[in-house]
Amino acid sequence: EIHIKEPIEKEVNPRLLPGELLLCEASTVYKYMQEDGSNRGTYGKLVCTNFKISFLDDDSASDDNEPQFKNKIVGENDITLQCVDQIYGVYDEKKKLLTGQLRKYPEKLIIYCKDLRVFNFCLRYTKEEEVKRIVSGIVHHSQTPKLLKRLFLFSYASAAPNNTDGRNQTVMFETLEDWRHELERTKGNVKYKAVTTNEGYRVSEKLPLYFVVPICISEESILKYEGRGIPIWCWSCHNGAALLKMSAFPKEQDDSTSQMQKAFLDGIYKTISKPPYELLKMDDLSSSLPSLQDIQTAYTRFKQLFLIDNSTDFWATDVKWFSLLESTNWLEIIRRVLKKAIEVAECLEIQHTNVLLIEESATDLCCVISSLVQVMMDSYSRTKSGFQSLIQKEWVIGGHGFLDRCNHLHKSEKEEAPVFLLLLNCVWQLVQQYPPAFEFTETYLTVLSDSLYVPIFSTFFFNSQHQRDTNKSGESLKTQSGPFRFLTVWDWSVQFDPKAQAFLNNPLYAEKPKPDKSQRKTARFKHQRQLSLPLTQAKPSTKRGFFREETDHLIKNILGKRIGKFINSSDEPPNSLREFYDSWHSKPVDYHGLLLPRVDGPEIKVWAQRYLRWIPEAQLHGGGTIATATKILDLMEEVQSLQVKMDEEHSQAVSGDVHSVPMLRSSARLSSLFPFALLQRQSVKPALPTSTWKDLEDEDDLVKRDDEFVDLSGDML
């Protein structure tokens with residue numbers, strides 16, 4: 001039965017951004033709330049612009065019951081064109097992938113998004129002409145190849161007023177001064193220098209305008225092979241050892257060219273292996289880590305587990321969850337990448353050895369490993385501004401091909417690979433293992449991953465600094481002529497108001513200790529080491545099923561179980577590395593020192609907030625870690641208000657940057673996947689056929705072994 005609402009009496013129009021144009025629309029479209037067989041939903045208008053696909057119902061016009069965590073650019077029922085993954089049409093209950101020209105138009109439209117949302121639209125009650133226009137419009141504008149200048153990024157930049165708040169503390173690494181300051185900060189300026197050789201991009205269009213090389217490297221060497229074969233500095237450790245990267249020469253060359261290149265490389269290696277430089281260890285990432293194709297294949301399989309069409313499908317796959325998850329190989333790739341970062345950290349920290357990461361272009365896995373090593377070894381990279389500066393340095397200016405790797409232009413699927421998402425997944429492992437070490441939260445990482453598909457920021461929409469600079473010139477509607485003024489994603493005020501931005505800041509971040517920290521530090525960090533591995537025999541849950549009675553913390557623990565191999569598996573690292581790993585983990589954690597991720601099988605977990613947030617069945621209302629966090633935040637809010645009162649009494653301003661704490665009253669109404677799950681309605685578990693329940697009961701081995709109850713009393717505050 002379909003409960004039909006009265007037709008919308010007042011006209012609901014989309015809220016358009018500067019430069020946004022309405023391309024096509026269809027009225028009387030029915031959007032299913034949750035495809036669980038009940039056909040619950042609402043009527044509204046489906047529109048497509050040059051920026052997004054949007055569903056407008058009569059609730060779109062009202063500001064009542066607005067969520068605390070609201071994005072000002074992309075609403076609950078908005079999908080940016082770059083966020084569309086695949087579009088399916090339903091013809092006589094059969095799903096068919098929609099691409100290119102359509103001969104027949106579907107009665108139902110299913111849109112799968114790259115942020116893992118799934119939208120189901122029924123078009124049976126829509127006029128035939130409108131169905132043709134909206135379906136062909138959506139497919140054309142979101143799935144067909146396009147030119148770079150056709151991205152909404154340019155339309156927005158030419159029409160939008162540039163009135164950002166200007167308080168962004170992120171170092172952009174666009175000037176020589178930025179690089180010199182970074183050298184001074186890391187004390188690398190004794191052995192390394194920032195060079196201007198590539199001004200005007202005369203060396204290479206792939207390299208940034210400014211970068212850092214060893215002092216002994218000459219300008220002639222840099223120019224000889226367009227920057228290939230040149231060690232480029234990433235970061236210097238406190239003991240003087242440095243992390244370097246290098247783009248390798250193509251492997252298929254004629255003999256004479258190969259000999260010349262080999263002689264050139266030998267000369268470079270000899271130069272940077274002599275004092276004052278440390279010993280050099282080279283690591284070819286193309287042979288020691290999975291290929292980009294392997295990463296793409298694993299992620300494609302992995303994301304299918306979360307693109308759930310309906311409730312019935314979710315429960316049907318519940319019993320196969322562990323085998324399905326393990327077969328994707330995604331968590332194993334994360335483990336291998338983290339293990340490689342530990343290996344590099346050991347060379348820098350213990351062996352005092354320079355590490356040279358080698359890759360064909362040095363703009364993919366080099367970016368992942370160099371960023372991870374800095375997050376692990378440099379506490380500045382664990383602050384919000386420090387992490388953003390790191391992404392600018394290693395990825396945006398470093399030349400990672402966001403345009404190709406995210407396939408924003410739909411030019412070639414062969415180039416597509418979720419390399420930046422892989423980094424965020426690895427950083428999330430560290431954030432959830434050592435929360436007080438990070439100034440930002442997992443919500444920050446989730447929002448950053450979503451921002452990959454919002455084309456009003458230039459940050460993730462170019463392949464290189466050269467490509468961005470050459471496309472900056474253009475006609476502006478406001479100033480008649482002049483360069484485009486692109487926004488940077490690091491200005492969070494564009495997407496969120498101050499209240500919502502508070503969710504990005506970690507209120508429990510451990511500030512740098514005072515000089516008399518020795519005694520306090522041991523006491524403060526002792527509790528954190530009491531977290532036990534979920535490997536011991538535990539009593540089974542009274543109810544079976546993966547997402548039912550467990551807490552959010554338990555969900556995350558179980559997700560990792562049986563996934564991946566232990567670090568001492570067939571590819572066992574050398575004893576010194578294992579000793580380094582075990583020795584570090586046997587001591588209390590210094591949240592402002594070196595951090596090593598726990599990489600044994602059960603410790604590598606699924607990023608629940610990002611991947612499960614749109615699945616109502618995975619949400620625990622009034623449960624999970626948010627229930628604990630709510631109490632802590634309420635207490636912190638009270639402390640802050642008392643501090644303000646005290647300061648007012650003394651007529652003094654509050655010193656330092658005190659983050660406002662979000663109001664989180666009534667935790668019983670919040671979901672374990674807060675703040676995103678606020679947008680979801682609670683799902684009703686479907687009645688499963690008796691045969692399905694029998695299957696569940698027969699799965700004794702799987703359920704008893706994996707779906708355990710873990711006593712969390714020791715972990716609760």
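The values are calculated or read from the model by the stated rules, or taken from the named source; none is laboratory data. Because the structure is a prediction, the values reported are computed rather than measured. Counting neighbours? That spans all protein chains shown, and the Cβs are built from the backbone with ideal geometry, glycine included. Protein only, heavy atoms only, side chains kept; ligands, DNA and RNA dropped before computing areas. Shrake-Rupley method; radii C 1.70, N 1.55, O 1.52, S 1.80 Å.
Under the condition of being at pLDDT 95 or above and either open to solvent by 80 Å² or more (accessible area, probe 1.4 Å) or over 15 Å from TYR156 (Cβ atoms) (or both), the residues counted in region 2-21 number 1. One residue alone among VAL212, VAL171, VAL135 is assigned to a strand (DSSP E or B) and either within 30 Å of the chain's Cα centre (by Cα) or modelled with pLDDT of 95 or more (or both), and that residue is VAL212.
Within the set THR186, THR196, the sole residue that is over 20 Å from ILE391 (Cβ atoms), in the same structural domain as HIS466 (by the TED database), touching a Phe, Trp or Tyr at 6+ places or on another chain (Cβ under 8 Å) and of a type outside the set (Gly, Ala, Ser) turns out to be THR196. Collect the residues in region 197-221 that are open to solvent by less than 60 Å² (accessible area, probe 1.4 Å), free of Cβ contacts under 8 Å to residues at least 60 places away in the same chain and either polar (S, T, N, Q) or farther than 20 Å from TYR269 by Cβ (or both), keeping them in residue-number order. Correct list: THR197, ASN198, VAL203, SER204, TYR210, SER218, SER221. Within region 433-451, the residues that satisfy the criterion of being open to solvent by 30 Å² or more (accessible area, probe 1.4 Å) and part of a helix (DSSP H, G or I) are PRO435, GLU442, ASP450. For the criterion of being open to solvent by less than 30 Å² (accessible area, probe 1.4 Å), modelled with pLDDT of 80 or more and either touching a Lys or Arg at 6+ places or on another chain (Cβ under 6 Å) or not in a loop (DSSP other than H, G, I, E, B) (or both), ASP647 passes.
Under the condition of being within 21 Å of GLU349 (Cα to Cα) and not acidic (Asp, Glu), the residues counted in region 270-290 number 12. Looking at region 340-359, is at least one residue crowded, with 24+ Cβ neighbours inside 10 Å, small (Gly, Ala, Ser), touching a strand residue (DSSP E or B) at 6+ places or on another chain (Cβ under 8 Å) and in contact (Cβ under 8 Å) with a residue 12 or more places away in the chain? No: zero hits. Of LYS281, LYS245, all but one fail to be touching a residue at least 40 places away in the same chain (Cβ under 8 Å), closer than 21 Å to HIS352 by Cβ and out of contact with any Pro (no Cβ under 8 Å at 6 or more places or on another chain); the exception is LYS281. Would you point out the residue of region 137-150, among those that are in contact (Cβ under 8 Å) with a residue 60 or more places away in the chain and out of contact with any helix residue (DSSP H, G or I) (no Cβ under 8 Å at 6 or more places or on another chain), that is surrounded by the most Cβ atoms within 10 Å (Cβ to Cβ)? Only one residue fits best here, namely ILE138.
Say whether the condition of being among the charged types (D, E, K, R) and surrounded by 19 or more Cβ atoms within 10 Å (Cβ to Cβ) is met by at least one residue in region 222-245. Yes, region 222-245 contains at least one residue that is among the charged types (D, E, K, R) and surrounded by 19 or more Cβ atoms within 10 Å (Cβ to Cβ). Just one residue in the set ILE268, ILE295 is under 16 Å from ASP364 (Cα atoms), at pLDDT 90 or above and either assigned to a helix (DSSP H, G or I) or polar (S, T, N, Q) (or both); that residue is ILE295. The number of residues in region 401-428 being closer than 16 Å to GLN143 by Cβ and surrounded by 21 or more Cβ atoms within 10 Å (Cβ to Cβ) comes to 2. List the residue pairs whose Cβ atoms are under 7 Å apart, where the first residue sits in region 627-646 and is among the acidic types (Asp, Glu), the second is open to solvent by less than 60 Å² (accessible area, probe 1.4 Å), and the two are 6 or more positions apart or on different chains. These pairs meet every condition: ASP634/LEU664; GLU637/VAL661.
Filtering region 570-577 for residues that are within 23 Å of VAL431 (Cα to Cα) and either at pLDDT 50 or above or in the same structural domain as PHE302 (by the TED database) (or both) leaves a non-empty set. All of LEU97, LEU102, LEU116 fail the test of being over 19 Å from CYS24 (Cβ atoms) and open to solvent by less than 60 Å² (accessible area, probe 1.4 Å), apart from LEU116. Is there any pair linking a residue in region 361-376 that is modelled with pLDDT under 95 to one that is outside any helix (DSSP H, G or I), with Cβ under 9 Å and at least six apart or on different chains, and which? The qualifying pairs are SER361/LYS206; SER361/SER247; SER361/ALA248; SER361/GLY399; SER361/GLY401. What do you reckon, is ARG301 at pLDDT 95 or above, open to solvent by 20 Å² or more (accessible area, probe 1.4 Å) and not hydrophobic (A, V, I, L, M, F, W, C)? Yes. Within region 266-279, being of a type in the set (A, V, I, L, M, F, W, C) and open to solvent by less than 40 Å² (accessible area, probe 1.4 Å) holds for ILE268, ILE272.
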